[in-house]
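**Q** Here it is: the structure, laid out below.
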Amino acid sequence: MTQLGVSGGYAPRIWYVAGAGRSQRLATTLLDQRAPVVSRLRYRVVTPRSAGPKVTFGFGVSDEGGLARSVVQVRSGPAARNPGKWRTLKTIAHRGKFDAFHRASFPVRRGVCYGLRVRSIDVVGHRSAWEQPRSGGKATCLSLPG
């Protein structure tokens, strides 16, 4: 793959792909200077009758140059303490989309505090800040009521 020309800021990036069909040889994308934006992170703790309690959540993500993937991480621990180390719950491939919305869930136990955060990476490699539910400027502990 050969890159033919790129300048700073927003500029076309053009590739020649050897072996591709004639109509597929040139592809253009915008080279952006900004990280993706994670928005609309919403969650709720639910207790369905047919299964155990869980946190369901959804989030939107957008990037003007195209999205590569989003990473969802959770952590858990005693409600009154540090909820532990972050672990990756899910990695979502976006395949160059400019906007996406995702929903997922994970099981929870009574008396345990859960943290949730999301970060997205665009096709250029820019990373968004970690986005997590907040209350009063602090990260929210997701837990079962009672």
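The values are calculated or read from the model by the stated rules, or taken from the named source; none is laboratory data. Given the structure is predicted, the values throughout are model-derived calculations rather than measurements. Note that each Cβ is placed from the backbone with ideal geometry, even for glycine, and that neighbours are counted across all protein chains shown.
**Q** Please name all residue pairs, on different chains or six or more residues apart, with Cβ atoms under 8 Å, provided the first residue is in the stretch 59-78 and is within 24 Å of L142 (Cα to Cα) and the second residue is among the hydroxyl-bearing types (S, T, Y) and outside any strand (DSSP E or B).
**A** V61/S128
**Q** Got a sec? Which of A68, A129, A100, A104 is part of a loop (DSSP other than H, G, I, E, B) and modelled with pLDDT of 85 or more?
**A** Numbers: A68 fails: part of a loop (DSSP other than H, G, I, E, B); A100 fails: part of a loop (DSSP other than H, G, I, E, B); A104 fails: part of a loop (DSSP other than H, G, I, E, B).
Of the residues listed, the single one that is part of a loop (DSSP other than H, G, I, E, B) and modelled with pLDDT of 85 or more is A129.
**Q** For the stretch 83-98, how many residues meet the condition of being of a type outside the set (F, W, Y) and surrounded by 13 or more Cβ atoms within 10 Å (Cβ to Cβ)?
**A** So the answer is 8.
**Q** Suppose we keep only residues that are within 14 Å of the chain's Cα centre (by Cα) and assigned to a strand (DSSP E or B) within the stretch 35-47. Which one would you say is farthest from A129 (Cα to Cα)?
**A** So the residue we want is R42.
**Q** With the checklist (1) under 16 Å from S143 (Cα atoms); (2) without any contact (Cβ under 8 Å) to a residue 24 or more places away in the chain; (3) in a loop (DSSP other than H, G, I, E, B); (4) not aromatic (F, W, Y) in hand, flag the one item S50 doesn't pass.
**A** All conditions are met except number (1).
**Q** Follow-up. Here is a check on your reading of the model: is T56 part of a strand (DSSP E or B), at pLDDT 90 or above and surrounded by fewer than 16 Cβ atoms within 10 Å (Cβ to Cβ)?
**A** no
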